[in-house]
């Protein structure tokens, strides 16, 4: 008895999986497929289930409850309404996407414009800044070479740097104030050289400044050389009286010629 | 008993298997997957477009900040006085000459108080010096050391302006020195030379007479 019940249960257990596999039900519901086609993109229309007429009277119960008289009014409204698939070629979602693409295009245009402005600004920056002075072609070709002597000239030159032969001549020039004004010029030239290399200004203005400095340097050299010539003039070198009158030193006239010269100097402005 | 158990088992079978039934709608599944794929692609394309726009706007923002920085740099260079000019040799020389000029002015006032009768003859120099002082003050206040947002000067021009101010103050100094010199030697110079228009006439007459004498000597 017991064994048989066990056998029956075992049989049942054997049958069970077989039975379940066999229980797959294949459905084909074209009306719901049509509804899904309507819901997204594929096709509007195909209003299943279709009505059936028998002697002019609609007899399909399914049709009546879904689209017919017994259906809720919103169903009929949906059926009679316009095509509202969101992803149809001119659907709402597609339109949105198109608008978005137009916006993106606009953003791209703005980006291009801004980029152009930025490039121009970068050029302006390079035009203004003092970072690029070393690679300026005109500087490399001409001004670097021409302004090198100015740059190498000592800040506080000795008399030999100024081309003066002896310390005495130098002292004479210091007393007249010639050296002071010369050094004033030299220092402002050196300063403007330094400024032109380190300040931010347009490139054209920078080149003008180089040029001004170069012209000033040439004038300085001329002045320096003329000073050397002046100090070598026999009048300055050998005439004690002129030297003394220049610096208000007590006069000790030695001969008649000096006395006459001194008198002439004294009354120069009176007649 | 055996039969009953079998019967029960057979009766129970459909009940048990009913819970395991699978309904499979192949066409609906196909339609659903198609719909889902279309939805996903549409959604992704929207998201992509938004993402690209966001990237573009971020880039635009970066560019704009860069532009603002560059503009600010150039603008500050055009409105502020560079420290190189402020501490430059020319500005220092200008300060030095201001000191010298004030010293000389003191000396000049002393001389003027001492020799008022000679000073009145040289009144046009005083007026010139005063005019130049006013011009220099205006130049210095309104052009050289002017730091305002609506006054744009680049550094080269500013350096030129400082040079001009230096030149002007040197000129004033030389005028004052000349005036001091004139007053100092006023006692020793003849009075006719010091009267403004008359002095010129004397010099002219002198040169005319000189010319006549020369012609007499060498032509006849």
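The P(r) of the range A:89-128 has a tail past 14 Å containing 63 percent of all C-alpha pairs. Taking B:121, B:56, B:136 in turn, the Gaussian network model of chain B (Cα-Cα springs below 10 Å) assigns the largest fluctuation to B:56. For the peptide B:57-66, the mean number of other protein chain Cβ atoms found within 10 angstrom of a residue's Cβ is 4. The mean number of Cβ atoms from other chains found within 10 Å of a Cβ in peptide A:34-41 is 4, as a whole number. Would the range A:25-85 count as rounded, prolate or oblate if I go by the C-alpha gyration tensor, calling it rounded below 1.5 in a/c and otherwise prolate when a/b exceeds b/c, oblate otherwise? Taking the square roots of the gyration eigenvalues as a ≥ b ≥ c, the range A:25-85 is oblate. Treating each Cα of the range A:49-170 as one equal point scatterer and applying the Debye formula with no solvent, the log10 of I(q)/I(0) at q = 0.14, 0.18 Å⁻¹ comes out as -0.92, -1.06.
Give me the percent of Cα-Cα pairs in chain A that sit more than 32 Å apart, rounded to a whole number. In whole percent, the long-distance tail amounts to 70.
Which one of A:154, A:202, A:89 has the biggest mean-square fluctuation once chain A is modelled by GNM with Cα springs under 10 Å? Residue with maximal mean-square fluctuation among A:154, A:202, A:89: A:89. One equal scatterer on each Cα of the range B:22-146, no solvent, Debye formula: the resulting log10 I(q)/I(0) at q = 0.13, 0.14, 0.15, 0.17 Å⁻¹ is -0.85, -0.90, -0.95, -1.04. Per-residue mean of foreign Cβ neighbours for B:35-47 is 3 (Cβ atoms of other chains, 10 Å radius). Just checking the listed ones, B:170, B:26, B:86: in the Gaussian network model of chain B with Cα springs under 10 Å, the one fluctuating most is B:26. Grouping the Cα pair distances of chain B into 10 Å bins from zero gives a pair-distance distribution of 6, 15, 12, 11, 10, 7, 6, 5, 5, 4, 4, 4, 3, 3, 2, 2, 1, 0, 0 percent in increasing distance order. If you model the range A:133-238 as an ellipsoid using its alpha carbon gyration tensor, with each semi-axis the square root of five times an eigenvalue, the axes come out at 32, 12, 11 Å, biggest first. The rule of thumb for compact globular proteins, 2.2 N^0.38 Å, goes into the C-alpha radius of gyration of the range B:115-220 1.68 times.
Here the convex hull built on the C-alpha positions of the range A:51-122 has a volume of 99 cubic angstrom per residue.
If the segment from residue A:108 to residue A:26 were pulled out straight at 0.36 nm per residue, it would be longer than the present Cα-Cα gap by 24.2 nm.
Please say if the range A:153-202 is rounded, prolate or oblate, where rounded means a/c under 1.5 for a ≥ b ≥ c the square roots of the C-alpha gyration tensor eigenvalues, and otherwise the choice is prolate for a/b larger than b/c and oblate otherwise? Judged from the Cα gyration tensor, the range A:153-202 comes out prolate (a/c at least 1.5, a/b above b/c). Where the alpha-carbon atoms of the protein assembly as shown are placed on the principal axes, they occupy 175, 63, 49 Å, in descending order.
No lab work stands behind these numbers, since they all come straight from the coordinates. Just so you know, these numbers come straight off a predicted model, no measurement behind them. Please note: Cβ atoms are built from the backbone with ideal geometry, for glycine as well, and neighbour counts cover all protein chains shown.
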